[in-house]
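Here's the structure, in structure tokens; my notes come after.
The values are calculated or read from the model by the stated rules, or taken from the named source; none is laboratory data. This structure is a prediction, so every number in the text was calculated from the model and none was measured. Note that we place each Cβ from the backbone using ideal geometry, even for glycine, and neighbour counts take in every protein chain shown. All accessible areas refer to the heavy atoms of the entire protein, side chains included, with ligands and DNA or RNA removed. Shrake-Rupley method; radii C 1.70, N 1.55, O 1.52, S 1.80 Å.
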Amino acid sequence: SVDLAYEAGSPWTLTIPSTGLGGGTEVVAEDGSQTVLATGTVDSSGELVLALPPGTHDVDLREPTSQIAVTSATTATSEATIGESIDVSAELRNDGDASGDYTATLTADGQAVTDATVTVGANTAETVTLTAAFNQAGTYSLSVDGQYVADVTVTGNQSSTDTDDAE
């Protein structure tokens, strides 16, 4: 991150000849209120050119970031039998200005059961489905990354070869 201030009566071009960043790296110029003023891409020589708007601005130059979080998680299942698949859908929201990968983890009673990785575009949402099956009868409290989903009751006879809590 680099900070700068400027005052200009008309649009102007800022050229940074040696950024120290690799070619293809995107850079965002935003003001103090986090309004994006310009974006640019570092070329193969490390140079960055930004076309900035007129006015008086305190500017932060930074690489775009993703800000991904689970906004909701649901299941249509409240009861299942041993070995039956239970699907949990989780909505992931990216409020950042760069796409990013996010690994959502389904837990049962606080223990990781399964996970899935999804790419979420900048300022978009994606839905990921996590599937689990349980080998023991009982009631399990399901969550995705701390977002409570539901309590699911698993019924049926346990096979003598099944000894794990979850698959």
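Does any residue of the stretch 125-134 turn out to be within 30 Å of THR35 (Cα to Cα), modelled with pLDDT under 95 and open to solvent by 20 Å² or more (accessible area, probe 1.4 Å)?
No, there is no match, as no residue in the stretch 125-134 is within 30 Å of THR35 (Cα to Cα), modelled with pLDDT under 95 and open to solvent by 20 Å² or more (accessible area, probe 1.4 Å).
Please find, within the stretch 92-115, the residue that is most open to solvent (accessible area, probe 1.4 Å) out of those that are outside any strand (DSSP E or B) and at pLDDT below 95. Give the derivation first.
Looking only at the stretch 92-115, we keep the residues that are outside any strand (DSSP E or B), and these are 95-99, 109-110.
Next, only the ones that are at pLDDT below 95 stay: 95-99.
Numbers: ASP95: 93, GLY96: 4, ASP97: 46, ALA98: 21, SER99: 76 Å².
My answer is ASP95.
Identify all residues within the stretch 3-48 that are farther than 23 Å from SER99 by Cβ and among the β-branched types (Val, Ile, Thr); write none if there are none.
Once the filter is applied, which keeps residues that are farther than 23 Å from SER99 by Cβ and among the β-branched types (Val, Ile, Thr), the stretch 3-48 yields THR13, THR15, ILE16.
In the stretch 82-91, how many residues are under 15 Å from TYR140 (Cα atoms) and either open to solvent by 70 Å² or more (accessible area, probe 1.4 Å) or without any contact (Cβ under 8 Å) to a residue 60 or more places away in the chain (or both)?
Count: 3.
Do you know which residues across the stretch 19-34 are within 14 Å of LEU61 (Cβ to Cβ) and out of contact with any strand residue (DSSP E or B) (no Cβ under 6 Å at 6 or more places or on another chain)?
Result: GLY20, LEU21, THR25, GLN34.
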